[in-house]
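For reference, the structure discussed in these notes is given below.
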Amino acid sequence: MSTARLRDLRVFPGFGLLSVGCVVFLYAPIVVLAIYSFNDGRSVTRWAGFSLRWYQTVFANQNIQTAAMNSVVIAVIAASVATVFALGAAIATVNGKKGGGEGAYVVLTFPLMVPEIVTAVASLVFFVAVGISLGFATILIAHIVFCIPFAYLPIKARLESMDATLPSAAADLYASPAKGFLRITLPLLVPGLVSGWLLAFIISLDDFIITALVAGPGATTLPLHIYGMLRLGMTPEVNAISTLMLAASTVLVLISGLLGQAGRKH
Amino acid sequence: MFGRSRLGGFFAGLAGLFLLLPLVAVIPFSFTPKRFLSMPDGEYSLRHYLAIFDPDTWLASIGTSTLVAILSSVIATALAAAFSIGIWLRRPASGRFLIGLVLLPIIVPPVTSAVALYFLLAQIGLLDTIPGLVLSHVVMIVPFSVIAILGALSRLDRNLELAARNLGASQLQSIFRVILPNIRFGLFAAWFVSLVMSWEESSVTLFVSGVNVITLPKRIWDNLRLDLDPAVAAISVIMIVATTLVILLRKSET
Amino acid sequence: MQRAIIEPNPTPPADSKAASPSKPGSLLQHPNSVAAEVRNLRKIYNVGSPQAHEALKDVNLSIRANEFFTLLGPSGCGKTTLLRILGGFEMLTSGTCRIFGEDVSRLPPEARPVNTVFQQYALFPHMTVRRNIAFGLEMLGKPKAEVERTVERMLDLVHMREYADRRPDTMSGGQRQRVALARALAPQPKLLLLDEPLSALDLKLRQKMRLELKSLQRETGITFIFVTHDQEEALAMSDRVAVISNGHLQQVGTPEDIYEQPQSRFVADFIGESNLIEAKVADSAGSEAAFDIEGFGQVQAPIGQRVEVGQQVWLSIRPERLVLGAVHREGPQATVTDRTYLGNAVEYHLRAGKHALTARSPRGGLRGRQDFAPGDAVSLGFEPGSIKVLLS
């Protein structure tokens with residue numbers, strides 16, 4: 001088939017424009033936000049030259065630092081604990097495919113389907129009912145729980161793509177179940193574990209709704225702090241901190257994606 | 001064959017328990033006869049379920065949420081379809097890049113999206129209006145629609161379009177009479193996902209609306225901030241049940 | 001020629017009770033001792049559920065030390081289940097399973113002196129060839145020096161020295177196959193189980209690996225138990241073959257026994273090709289009998305068992321032992337319905353009364369042999385001893 005004929009078939013400029021327009025539409029808010037984070041002026045609408053002063057303000061702000069520190073600590077603990085649970089759950093569900101697996105899968109991913117605000121309400125009601133006072137601990141517990149499904153999916157996918165006879169081969173070669181797991185299954189699961197952990201970490205770091213409801217007075221995270229700042233008024237400082245969060249998320253997702261690809265090639 | 005240990009089962013059980021416990025625990029609270037959120041002791045009441053039918057508060061918010069969800073999902077699906085079909089037809093060298101670019105906003109932290117949209121809507125004067133909220137939701141959900149539609153297109157035989165053109169259809173005719181009918185399930189899936197996502201969207205909604213336009217998640221949020229109204233528990237139970245029904249329906253289809 | 005042990009009346013060799021060292025690694029295999037023995041073995045999947053499925057039905061089998069023993073049968077016949085029970089990957093439902101006299105019925109795979117070459121090899125993808133081969137020895141707690149020595153020996157044995165530091169995913173199917181063999185042989189198992197190891201290879205490589213496997217078995221002196229659905233493979237490599245169908249052991253014997261002396265219609269049909277003809281016993285005298293074939297006439301054939309006059313039996317005859325000739329006045333006749341040129345032979349499809357038969361003649365009518373065309377009437381002759389009488 002000649003290229004001339006193919007080109008003829010494709011002539012319809014409207015769709016190309018629409019595709020590009022779609023991209024522009026999606027990015028406009030974020031690009032504008034990022035640009036104005038470098039604005040030298042106080043205004044968030046009038047451009048007064050390039051400057052990093054708002055980033056300096058962010059890094060000098062003690063409250064932001066505390067909130068960011070809380071966020072990272074919570075995200076590290078929540079992602080780590082959730083990954084351990086997710087690993088156990090993935091092994092149990094992929095193992096017990098006969099019957100139990102399907103049900104377990106639905107249970108473990110159910111929270112992903114429920115509206116976030118409902119999960120938030122349920123968590124809050126639960127903590128109040130059990131009598132745990134709201135604060136750092138409740139944020140941590142809630143984050144561990146809602147991170148489990150996110151950590152679970154990549155680990156499960158990795159486990160399913162693994163040759164199921166490998167553990168049998170290890171046992172055949174005189175490895176006890178524990179040794180076979182440590183020497184064969186676990187090393188092969190590493191890419192899944194890492195991307196599961198990273199995903200859980202990002203989800204925990206970025207969460208706003210559930211955190212806000214179970215935080216109680218005092219305890220704060222970075223998203224909560226940004227929300228608080230925004231209520232006091234739009235300043236370029238908010239732009240700067242939001243842009244930083246975006247950058248952090250992007251880098252983490254890219255790492256996770258690259259690891260996933262490396263894992264698939266294996 | 002991955003290990004014969006029961007440890008995995010133990011963790012799976014515990015994880016499932018943690019995940020479901022709060023969702024189940026909220027159920028009895030919704031039946032309290034009291035005016036504040038509490039565990040009913042012996043007496044049960046449906047009064048908080050009836051409260052949902054108050055046309056000035058809950059019902060109004062359900063209406064707002066439904067309106068916003070329908071508008072956003074239709075616009076998002078149309079945009080996503082136009083984008084995906086454009087890429088599919090023209091296969092530009094930058095196609096993969098463009099697709100990546102459209103999907104990338106999925107990873108934007110909700111708070112960043114919220115700040116960005118707040119900023120934008122403030123400048124164009126659409127803060128706390130239905131059009132502003134629809135615009136925000138469309139920006140948030142288009143990438144997910146694109147995933148569903150690209151999936152459907154990838155299963156479509158390219159020769160169909162060539163055959164249509166070969167039989168004398170114009171590009172537009174082939175899109176509307178050949179391509180779109182063949183990806184109708186993908187379109188429906190994209191629309192449904194968009195509808196659900198817009199309906200339950202909360203993190204951005206909280207920032208860009210709240211005084212004149214109050215969606216259901218926003219009203220739940222407000223009620224929890226002010227006082228623990230048991231109606232919140234009731235509406236949560238309804239949404240959990242609805243989610244369960246949707247999952248069961250999908251399971252029974254496959 | 002070894003006499004086939006026809007189950008279910010096995011005659012276990014006298015020294016089957018000779019206890020053998022239970023630690024893997026020793027190669028004290030007496031030529032006449034029993035390497036593996038299963039008694040009244042049954043395996044039912046999903047016991048008690050509506051999908052319960054009996055994969056093995058009362059199987060008795062003795063495999064001798066140093067034997068290349070093949071489990072042959074169509075897919076789903078239970079041969080892989082039997083192998084997995086020997087390996088410990090599957091628990092038997094009832095019966096016993098002994099390896100060199102030791103009852104291993106309840107032992108997990110890691111406690112059995114048995115290694116397996118898996119169908120898709122199951123090489124550990126995150127380890128080099130060397131580490132794969134060393135794995136079993138390391139798990140047994142062998143001293144480092146011995147592990148390295150054995151690994152080197154195994155690399156030479158399977159001619160994989162130059163690939164020692166490569167990972168499995170960078171190698172071809174044949175190379176992986178060799179690594180899998182080396183890995184399973186390294187701990188010097190008492191039994192090597194091979195689960196259709198050649199099925200993933202292409203035809204040329206498969207034929208080459210047959211010879212290599214056979215010579216590996218002779219070199220190492222380890223008892224091989226080989227599972228396959230490919231009868232040609234089974235005949236080419238094995239000392240003895242067990243034909244399994246539908247969970248039943250059909251026949252055990254040397255490849256010659258299995259091919260020349262099938263004991264049942266299934267074996268006659270599954271191993272090579274056979275014309276199976278229904279017949280009635282017309283007369284029986286000593287070691288010979290006459291059989292009536294409807295619309296065909298009478299034939300004589302030697303019999304191994306007692307038959308009654310009037311009894312329904314099946315006659316089996318290989319296509320290459322059916323001799324076609326010009327029509328005589330008497331004797332069985334047939335009509336050629338189809339002629340297929342096969343290169344090294346010509347195959348004739350025949351109709352004789354209600355019976356459809358196949359005859360194969362080397363190079364057909366060329367070199368002086370008579371050739372026939374569809375529609376020709378031919379006389380049928382049987383080479384002496386070519387008709388087998390089957391009671392089941």
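The values are calculated or read from the model by the stated rules, or taken from the named source; none is laboratory data. All of these numbers come straight from a predicted model, not from anything done at the bench. With ideal geometry, Cβ positions are generated from the backbone for all residues, glycine too; neighbour counts draw on all protein chains shown. Each accessible area value is taken on the protein alone, full model and side chains, heavy atoms only, with ligands, DNA and RNA left out. Shrake-Rupley method; radii C 1.70, N 1.55, O 1.52, S 1.80 Å.
Here are the numbers for this structure:
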read-out	value
Only listed residue being within 7 Å of another protein chain (Cβ to nearest Cβ), assigned to a helix (DSSP H, G or I) and open to solvent by 40 Å² or more (accessible area, probe 1.4 Å), chosen from A:PHE150, A:PHE110, A:PHE126	A:PHE126
Candidate set from the stretch C:118-133 (those that are at the interface with chain A (Cβ under 7 Å from one of its Cβ atoms) and open to solvent by less than 10 Å² (accessible area, probe 1.4 Å)); member that is nearest to A:ARG183 (Cα to Cα)	C:PHE124
Residue satisfying all of: in the stretch A:214-256; of a type in the set (Gly, Ala, Ser) and without any contact (Cβ under 8 Å) to a residue 24 or more places away in the chain; nearest to B:GLN123 (Cα to Cα) among these	A:GLY233
Residue count, the stretch B:101-121 (criterion: more than 7 Å from chain A (Cβ to nearest Cβ) and either more than 24 Å from A:PHE201 (Cβ to Cβ) or more than 18 Å from the chain's Cα centre (by Cα) (or both))	1
Test result for C:GLU90, outside any strand (DSSP E or B), open to solvent by 10 Å² or more (accessible area, probe 1.4 Å), at the interface with another protein chain (Cβ under 9 Å from one of its Cβ atoms) and among the charged types (D, E, K, R)	no
Test set (1) surrounded by fewer than 18 Cβ atoms within 10 Å (Cβ to Cβ); (2) assigned to a helix (DSSP H, G or I); (3) away from every other protein chain (no Cβ under 13 Å) - B:VAL68 fails condition number	(1)
Matching residues, the stretch A:180-201, being open to solvent by 50 Å² or more (accessible area, probe 1.4 Å) and within 14 Å of A:ILE148 (Cα to Cα)	A:VAL194, A:TRP197, A:LEU199
Filter result (assigned to a loop (DSSP other than H, G, I, E, B) and in contact (Cβ under 8 Å) with a residue 24 or more places away in the chain) within the stretch C:303-324	C:ILE303, C:GLY304, C:GLN305, C:VAL307, C:GLU308, C:VAL309, C:GLY310, C:GLN311, C:ARG318
Pair list, Cβ under 6 Å, 6 or more apart: the stretch C:327-351 residue assigned to a loop (DSSP other than H, G, I, E, B), other residue open to solvent by less than 50 Å² (accessible area, probe 1.4 Å)	C:VAL327/C:SER379; C:HIS328/C:SER379; C:GLY331/C:SER379; C:PRO332/C:PHE296; C:PRO332/C:GLY297; C:PRO332/C:LEU380
Pick from the stretch B:135-175, criterion away from chain A (no Cβ under 14 Å) and in contact (Cβ under 8 Å) with a residue 40 or more places away in the chain, ranking: farthest from A:ILE30 (Cα to Cα)	B:LEU156
Any hit, the stretch B:176-186, residues being closer than 30 Å to B:ALA114 by Cβ, of a type outside the set (Asp, Glu), in the same structural domain as B:TRP221 (by TED's automatic domain parsing) and in contact (Cβ under 8 Å) with a residue 24 or more places away in the chain	yes
Hits in the stretch B:225-246 (condition: free of Cβ contacts under 8 Å to residues at least 60 places away in the same chain, among the aliphatic types (A, V, I, L, M) and either more than 7 Å from chain A (Cβ to nearest Cβ) or open to solvent by 20 Å² or more (accessible area, probe 1.4 Å) (or both))	B:LEU226, B:VAL241, B:ALA242, B:LEU245, B:VAL246
Residue among A:ASP163, A:ASP172 that alone is of a type in the set (D, E, K, R) and modelled with pLDDT of 90 or more	A:ASP172
Given (1) in contact with a helix residue (DSSP H, G or I) (Cβ under 9 Å, 6 or more places away or on another chain); (2) over 23 Å from B:ALA233 (Cα atoms), index of the condition B:PHE97 fails	(1)
Failed item, numbered, when A:PHE85 is tested on (1) modelled with pLDDT under 90; (2) within 14 Å of chain B (Cβ to nearest Cβ)	(1)
Flag if B:SER45 is open to solvent by less than 40 Å² (accessible area, probe 1.4 Å) and touching a residue at least 60 places away in the same chain (Cβ under 8 Å)	no
Some residue of the stretch B:193-209 being part of a helix (DSSP H, G or I), open to solvent by less than 40 Å² (accessible area, probe 1.4 Å), touching an Asp or Glu at 6+ places or on another chain (Cβ under 7 Å) and within 15 Å of A:LEU26 (Cβ to Cβ)	no
Per-region count, the stretch A:20-29, residues modelled with pLDDT of 80 or more and more than 8 Å from every other protein chain (Cβ to nearest Cβ)	1
Exclusive hit being touching a residue at least 24 places away in the same chain (Cβ under 8 Å), within 7 Å of another protein chain (Cβ to nearest Cβ), within 25 Å of the chain's Cα centre (by Cα) and assigned to a helix (DSSP H, G or I), set B:LEU23, B:LEU19, B:LEU98, B:LEU89	B:LEU23
Pair list, Cβ under 6 Å, 6 or more apart: the stretch A:153-177 residue under 19 Å from A:ALA104 (Cβ atoms), other residue part of a loop (DSSP other than H, G, I, E, B)	A:ALA164/B:MET1
Single unsatisfied condition, A:TRP54 versus (1) at pLDDT below 80; (2) touching a strand residue (DSSP E or B) at 6+ places or on another chain (Cβ under 8 Å); (3) not small (Gly, Ala, Ser)	(1)
Qualifying residue in the stretch B:32-54 (condition: in contact with a Phe, Trp or Tyr (Cβ under 6 Å, 6 or more places away or on another chain) and assigned to a helix (DSSP H, G or I))	no
Every residue from the stretch B:114-133 that is at pLDDT 85 or above and open to solvent by less than 10 Å² (accessible area, probe 1.4 Å)	B:ALA114, B:VAL115, B:ALA116, B:LEU117, B:LEU121, B:GLY132, B:LEU133
Residue in the stretch A:210-252 that is nearest to the chain's Cα centre (by Cα), counting only those that are within 10 Å of another protein chain (Cβ to nearest Cβ) and among the small types (Gly, Ala, Ser)	A:SER249
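To keep it simple, each residue is scored yes or no on (1) in a loop (DSSP other than H, G, I, E, B); (2) surrounded by 17 or more Cβ atoms within 10 Å (Cβ to Cβ); (3) at pLDDT below 90.
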{"site": "C:PHE135", "(1), (2), (3)": "no, yes, no"}
{"site": "C:LYS142", "(1), (2), (3)": "yes, yes, no"}
{"site": "C:GLU148", "(1), (2), (3)": "no, no, no"}
{"site": "C:ARG153", "(1), (2), (3)": "no, no, no"}
{"site": "C:ALA184", "(1), (2), (3)": "no, yes, no"}
{"site": "C:LEU201", "(1), (2), (3)": "yes, yes, yes"}
{"site": "C:GLN207", "(1), (2), (3)": "no, no, yes"}
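Here's the yes/no breakdown for (1) among the charged types (D, E, K, R); (2) within 30 Å of B:ILE87 (Cβ to Cβ); (3) in a helix (DSSP H, G or I); (4) modelled with pLDDT of 75 or more:
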| position | (1), (2), (3), (4) |
| --- | --- |
| A:LEU18 | no, yes, yes, no |
| A:SER43 | no, no, no, no |
| A:ALA68 | no, no, yes, yes |
| A:VAL72 | no, no, yes, yes |
| A:VAL94 | no, no, yes, yes |
| A:LYS98 | yes, no, no, no |
| A:TYR105 | no, no, yes, yes |
